[in-house]
Amino acid sequence: GQQVMQIPQYQHVQEGEDFTTYCNSSTTLSNIQWYKQRPGGHPVFLIQLVKSGEVKKQKRLTFQFGEAKKNSSLHITATQTTEVGTYFCAGRNNFNKFYFGSGTKLNVKP
Amino acid sequence: DGGITQSPKYLFRKEGQNVTLSCEQNLNHDAMYWYRQDPGQGLRLIYYSQIVNDFQKGDIAEGYSVSREKKESFPLTVTSAQKNPTAFYLCASSPSGLAGEQFFGPGTRLTVL
């Protein structure tokens, strides 16, 4: 069935290092959303990508949507300790259903 | 304050009992969703509703039931038929049907003893 795979499952970085998480879908997506969940919290929307090859930036965060609209990535430059948490992608297929990736848990050491 | 509320935050039930989780939103959103989150896993869709009096099964609807009698309310019942009900349950709503950003409630952690 429809799946959105996300890697890596965990990432431990030193403060100031970069971080990237990747999502891959078995089928073409209509759009992809990214969410962040702090420890003990609930997912909070970060961004939505719709167009093939789209790139969006939010300060030190860069989001990309692949040309084939099957993959996406989130890159954080020079991570800060406040950015710890789990980052999820959520892909919407052509039947209007969302599929969340399993998330990448980011730990940042000061 | 606009938002989504879920109550209670923690819930304990004995095996074999049905339990209903509350979800209320005052954001005037049309679409509402229920997800289940297990440790180390992503969110799995249980049920979703695009409008009042209409709802659709998600990927793991077995053992769950919902109702959508009011726009602001989307309660989830975890029945005794659900084999592994212990989990973190998240409710969400969206202003633009299934295409828009989802706003999540704080979640209910259900433990079945």
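The values are calculated or read from the model by the stated rules, or taken from the named source; none is laboratory data. Since we're looking at a predicted model, the values are computed, not measured. Every residue, glycine as well, gets a Cβ built from its backbone with ideal geometry; the counts of neighbours run over all protein chains shown. Side chains are part of the model used for accessible areas, which takes the heavy atoms of the whole protein and leaves out ligands, DNA and RNA. Shrake-Rupley method; radii C 1.70, N 1.55, O 1.52, S 1.80 Å.
Within chain B, what is the longest stretch that has no GluC sites (Glu not before Pro) placed in a DSSP loop and near at most 10 other beta-carbon atoms within 10 Å? Walk me through the intermediate numbers first.
Working: sites that count: B:E15, B:E69.
Answer - B:16-68.
Rounded to the nearest Hz, the phi-derived 3J(HN,Hα) couplings of region B:63-68 under the Karplus curve 6.51 cos²θ - 1.76 cosθ + 1.60 (θ = phi - 60°) are x, 10, 9, 9, 9, 9, where x marks glycine and proline. Around the amide H of B:G107, modelled in the peptide plane, lie the amide H atoms of B:Q6, B:C91, all under 5 Å away and 5 or more residues distant in sequence or on another chain.
Counting other Cβ atoms within 10 Å, which trypsin sites (Lys or Arg not before Pro) in region A:68-110 have at most 16 and lie in a DSSP loop? Don't skip to the answer; put the middle values down first.
Values: sites: A:K69, A:K70, A:R92, A:K97, A:K105; in loops: A:K69, A:K70, A:K97.
In loop regions of region A:68-110 (DSSP not H, G, I, E or B), the sparsely surrounded trypsin sites (Lys or Arg not before Pro) are A:K97.
Buried surface between chains B and A: roughly 1600 Å² of accessible area, summed over both sides, computed with a 1.4 Å probe on protein heavy atoms only. The dipole here belongs to chain B: it is taken about the Cα centre, uses +1 on the Cβ of Lys and Arg and -1 on the Cβ of Asp and Glu, and is about 380 debye.
What area, in nm² and to one decimal, does the C-alpha convex hull of chain A cast on average over all directions?
6.4 nm²
Taking the Cα centre of chain A as reference, the dipole from Cβ charges on Lys and Arg (+1) and Asp and Glu (-1) amounts to some 300 debye.
Just want to confirm a number: the relative contact order over region A:5-63, from Cα pairs under 8 angstrom separated by 6+ residues, in percent. The partial results should precede the final answer.
Values: 50 pairs, mean separation 12.6, N = 59.
The normalised contact order for region A:5-63 reaches 21 percent.
Would you kindly give the portion of the calculated P(r) for the protein assembly as shown that falls above 21 Å, as a percent of all Cα pairs?
On the way: 13588 of 24753 pairs.
The share of Cα pairs beyond 21 Å in the protein assembly as shown comes to 55 percent.
Contact order, relative form, for chain B: 35 percent (alpha carbon pairs under 8 Å, 6 or more residues apart, mean separation divided by residue count). Could you run the Debye sum over the Cα atoms of region B:17-97, one equal point scatterer each and no solvent, and tell me log10 of I(q)/I(0) at q = 0.12, 0.22, 0.24 Å⁻¹, two decimals? One equal scatterer on each Cα of region B:17-97 leads to -0.31, -1.00, -1.16. Placing dummy labels 7 Å off each Cα toward the beta-carbon, the span from B:N84 to A:N107 is 2.4 nm. Its relative contact order, with pairs defined as Cα atoms under 8 Å and 6+ residues apart, puts chain A at 37 percent. Label-to-label distance, A:E67 versus A:I7, with points set 7 angstrom from Cα along the beta-carbon direction: 2.1 nm. The residues of region A:57-101 listed by number as losing at least 40 Å² of accessible area in the complex, against the isolated chain and with a 1.4 Å probe, are A:N96, A:K97, A:F98, A:F100. The string of couplings for region B:80-89 from the Karplus curve (6.51, -1.76, 1.60, θ = phi - 60°) is 5, 6, 6, 6, 10, x, 5, 5, 9, 10 Hz, one whole number per residue in order, with x for Gly and Pro. Loop-located GluC sites (Glu not before Pro) across region A:1-105 with a Cβ neighbour count of 15 or fewer within 10 Å are A:E15, A:E17, A:E67, with loop assigned by DSSP.
Distance between the C-alpha centres of region B:10-78 and region A:57-109: 25 Å, rounded to the whole angstrom.
Accessible surface calculations at 1.4 Å, restricted to protein heavy atoms, place the protein assembly as shown at 49 Å² per residue. Taking a spot 7 Å from the Cα of A:F95 along the direction of its beta carbon, which residues of region B:49-65 have an amide N less than 13 Å from it? Flagged as within label range: B:57-60.
About the centre of its Cα atoms, the protein assembly as shown shows a dipole size close to 160 debye [charges on the beta carbon of Lys, Arg (+1) and Asp, Glu (-1) only; nearest 20 debye]. Between A:H75 and A:K51, the modelled labels are 1.9 nm apart [label points 7 Å from Cα along Cα→Cβ].
Treating each Cα of region B:1-58 as an identical point scatterer and summing with the Debye formula, the log10 of I(q)/I(0) at q = 0.18, 0.22, 0.26, 0.27 Å⁻¹ comes to -0.84, -1.14, -1.26, -1.26.
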